[in-house]
Amino acid sequence: MNLQKIIEMSEIKISCGLSEKDLIKIPCGTTVIGIIYNEGEGVVMAGDRRATMGHTIVLDDIKKIILIDNSTSIGVSGSVGIAFRIAAIFKLTIENFRKINQKPMTLNGKANILSAILMKNFELSLKGLAATPLLAGYSSDENKVKLFSYDILGTKNEKTDFEAIGSGSSYAKDSVKKSYKKNIAKETAMALALEALIEASQEDAATGTIHLLKNIYPQAVTISADGTHELPKEEIAAMCQKIIEEMKRR
Amino acid sequence: MVPYTSIEEIQKYREDRIKKIINSCSPALGIVYENGILLAAQNPSFSFKKIIEVHERLAIVGVGEFKYFKELADDAINMADMQGFNYSSRDINVKLIVLELAKKLDQCFTDLNRIPLITNLLIAEASYHCKKTIFSLSYNGGIIDTFDFTAIGGKEETIKSYLKKQYKPGVNLKSAINMAIDAIALTLEKNQEAITEFAIIDQTLTTANKVEFLTGAEVEKIAKGD
């Protein structure tokens, strides 16, 4: 089944244009950051949990990092509905390829497919409904981890150190820049990622922070040769407490 | 001048040719055990695998010509993926898939302008509500559903009569694998080796995908020890 058929089957056609007043009514805004550790052995991804619509918070517990299969995951930013639909079509294409060809797709193939899906969405993204994902995966042919970031046209950029997407991305990247080295360990990379999210949430209104009343923490995922693992809430909570105490001492 | 042959003669020629091919190919069988379904097929080729996974709880085995079987398996995969994407993965209706494949097989066999698909298939499902079914489809579109064991391919009657004596409802995986190995050994000639593929649809697995392909080492370990 090729990509054309999959997308035709589930296409939305909008014929009228959206005005500036309407753009505020679509939920968007986020920060998702990915950091490669130990010279390509693995990658760590962390994302916040908030979705805003203009000045109101619509959801405070959505998960923006979607696990596609045992060696890849994508983080989404931009309008929520479009981003989740792109992720569902991406997952369907990869699973279908694996069953018909009886062997899984390589990482470069997945990066190209995501490019094609985003290019199909170009018409809608010009009207304001855009989604820009961040793809991270382990490639077993080359035995290393790769990180790709996309723009609304679908151009892919491969990054070898770290990358962040969303409205709070520049604040997150500023906080990682000074302490990043190529040979850091996994725990240091995870601490850097969570600290970057907390710093971004102080400056950007559309990025969520730790919700003390409902006990909601950021989401964190690691990818390496062993597979994709989502960290449980207790571990993330413990790390966040340590980071906040260190930040208070500065 | 073209000599006249009646339509019945042409159909009989087709049916004889197909039966001859299918009776001379390697067998395949399916056995229902306590936690799911076991599928086994004798396959002397190393490039093409006969057992294909269709969705999380569906698998399909074929005998006969591999090229026609792969076309039907691709149709089944596309139908299951469309249903799973539009609705949800528990809404996949196996009976619709079976009816579509049977329709295609019958049309290709009866219409004189189309090439018959020379293959018999087994479609096995271990559903979410703990119902285990094996559908057996023949080259002319006939459907038979069974809930305990079945076999297709060359010397299927030998395998079926052997399993009828040995089978009890609720066998465990070890007995099912030993039954399958012995049944296939009955159909081999003297100098033929048994190169078998095994796959199980196990309802107790914790991953979403319940279809698991077993390697030779794993099969030996389960058959002897445990």
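All conditions in (1) open to solvent by less than 20 Å² (accessible area, probe 1.4 Å); (2) farther than 21 Å from B:Arg14 by Cβ; (3) within 14 Å of chain A (Cβ to nearest Cβ) hold for B:Ile123, with the sole exception of (3). Applying the criterion of being out of contact with any helix residue (DSSP H, G or I) (no Cβ under 8 Å at 6 or more places or on another chain) and open to solvent by less than 20 Å² (accessible area, probe 1.4 Å) to the residues of the stretch B:31-53, the residue that is nearest to the other protein chains (Cβ to nearest Cβ) is B:Ile51. Of the set (1) touching a residue at least 24 places away in the same chain (Cβ under 8 Å); (2) of a type in the set (Gly, Ala, Ser); (3) not in a loop (DSSP other than H, G, I, E, B), all apply to A:Ala237 but (1).
Within the stretch B:195-216, residues that are in contact (Cβ under 8 Å) with a residue 12 or more places away in the chain sit with their Cβ atoms under 6 Å from residues that are among the aromatic types (Phe, Trp, Tyr) and surrounded by 12 or more Cβ atoms within 10 Å (Cβ to Cβ), at 6+ positions apart or across chains, in these pairs: B:Ala199/B:Phe213; B:Leu214/B:Phe198. Just name the residue that is farthest from the chain's Cα centre (by Cα) out of those in the stretch B:63-89 that are acidic (Asp, Glu) and within 9 Å of chain A (Cβ to nearest Cβ). Within the stretch B:63-89, the match that is farthest from the chain's Cα centre (by Cα) is B:Asp81.
Residues checked against (1) open to solvent by 40 Å² or more (accessible area, probe 1.4 Å); (2) in a helix (DSSP H, G or I):
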{"residue": "A:Asn96", "(1), (2)": "no, yes"}
{"residue": "A:Lys99", "(1), (2)": "no, yes"}
{"residue": "A:Met105", "(1), (2)": "no, no"}
{"residue": "A:Asn108", "(1), (2)": "yes, yes"}
{"residue": "A:Ile117", "(1), (2)": "no, yes"}
{"residue": "A:Ala136", "(1), (2)": "no, no"}
{"residue": "A:Glu142", "(1), (2)": "yes, no"}
{"residue": "A:Leu153", "(1), (2)": "yes, no"}
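Scanning the stretch B:148-157 for residues that are open to solvent by 20 Å² or more (accessible area, probe 1.4 Å) and either at pLDDT 95 or above or assigned to a strand (DSSP E or B) (or both) gives a single hit, B:Phe149. If we keep just the residues of the stretch A:155-173 that are closer than 14 Å to A:Gly29 by Cβ and outside any helix (DSSP H, G or I), which is most open to solvent (accessible area, probe 1.4 Å)? The residue in question is A:Ser167. Within the set B:Gln107, B:Gln83, the sole residue that is of a type in the set (S, T, N, Q) and under 23 Å from B:Gly153 (Cα atoms) turns out to be B:Gln107. Among the residues examined, B:Ile22 does not qualify as of a type in the set (Val, Ile, Thr), open to solvent by 30 Å² or more (accessible area, probe 1.4 Å) and touching a residue at least 24 places away in the same chain (Cβ under 8 Å). Inspection of the stretch A:221-232 finds no residue satisfying the criterion of being among the polar types (S, T, N, Q) and assigned to a loop (DSSP other than H, G, I, E, B).
Residues of the stretch A:174-207 that are in a helix (DSSP H, G or I) and either without any contact (Cβ under 8 Å) to a residue 60 or more places away in the chain or more than 24 Å from A:Glu235 (Cβ to Cβ) (or both): A:Asp174, A:Ser175, A:Lys177, A:Glu187, A:Ala191, A:Glu195, A:Ile198, A:Glu199, A:Gln202, A:Glu203.
The values are calculated or read from the model by the stated rules, or taken from the named source; none is laboratory data. Because the structure is predicted, anything quoted here is derived from the model rather than measured. A quick note on method: Cβ atoms are made from the backbone with ideal geometry, for glycine too, and the neighbour counts reach across all protein chains shown. The accessibility values were calculated without ligands, DNA or RNA, using every heavy atom of the protein model including side chains. Shrake-Rupley method; radii C 1.70, N 1.55, O 1.52, S 1.80 Å.
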